[in-house]
Amino acid sequence: MYFLYILLGQIVVAAIVVVVLKKTLDNILIDSAIRQFELLSEEKKAGVASVTVITHKDLKFAYQERLKRATLKQLGAAALSFQVDKSLLGGMVIKAAAHTIDCSLRDRLQQARR
């Protein structure tokens with residue numbers, strides 16, 4: 001019986017660790033995508049009229065505001081839209097004209113499989 005309590009305790013701790021790590025990884029991927037967007041070259045900015053941000057869940061207000069500021073600074077009056085795609089698993093994808101910044105967990109897992 002004592003063994004079952006130990007096993008159950010380890011399972012609970014492992015579940016908590018997984019949740020915390022996923023949330024941390026999600027924030028790291030989102031920050032990375034926004035930084036890459038902020039560093040777009042002049043060449044890639046040309047002709048961009050709209051930016052689409054795709055995440056696996058609704059984006060926190062702070063991240064939305066950061067993206068709005070970056071879009072205004074980088075592109076001027078470009079339209080910014082947000083979409084949810086649960087298949088991303090975490091992180092985000094930013095699409096600006098023909099340029100795509102993919103910092104999603106789905107993309108990272110696909111890269112790891114290669």
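Side notes on the structure shown:
Residue-wise test of (1) under 22 Å from Glu42 (Cβ atoms); (2) assigned to a loop (DSSP other than H, G, I, E, B); (3) in contact with a strand residue (DSSP E or B) (Cβ under 9 Å, 6 or more places away or on another chain); (4) hydroxyl-bearing (Ser, Thr, Tyr).
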{"residue": "Glu65", "(1), (2), (3), (4)": "no, no, no, no"}
{"residue": "Lys68", "(1), (2), (3), (4)": "yes, no, yes, no"}
{"residue": "Leu80", "(1), (2), (3), (4)": "yes, no, yes, no"}
{"residue": "Met92", "(1), (2), (3), (4)": "no, no, yes, no"}
{"residue": "Arg106", "(1), (2), (3), (4)": "no, no, yes, no"}
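- Filtered residue count, segment 49-63, keeping only those that are among the acidic types (Asp, Glu) and either modelled with pLDDT under 90 or outside any loop (DSSP other than H, G, I, E, B) (or both): 0
- Meets criteria (surrounded by 18 or more Cβ atoms within 10 Å (Cβ to Cβ) and either of a type in the set (D, E, K, R) or touching a residue at least 24 places away in the same chain (Cβ under 8 Å) (or both)) for Gly47: no
- Checked against the criterion of being surrounded by 11 or more Cβ atoms within 10 Å (Cβ to Cβ), over 29 Å from Gln110 (Cα atoms) and of a type in the set (Gly, Ala, Ser), segment 56-78 contains one or more residues that satisfy it.
- Applying the criterion of being polar (S, T, N, Q) and either exposed (fewer than 10 other Cβ atoms within 10 Å of the Cβ) or free of Cβ contacts under 8 Å to residues at least 12 places away in the same chain (or both) to the residues of segment 1-44, the residue that is nearest to Lys95 (Cα to Cα) is Ser41.
The values are calculated or read from the model by the stated rules, or taken from the named source; none is laboratory data. Every value quoted in this text rests on a predicted model; they were computed, and no experiment measured them. As a convention, Cβ positions derive from the backbone with ideal geometry for all residues, glycine included, and neighbour counts pool all protein chains shown.
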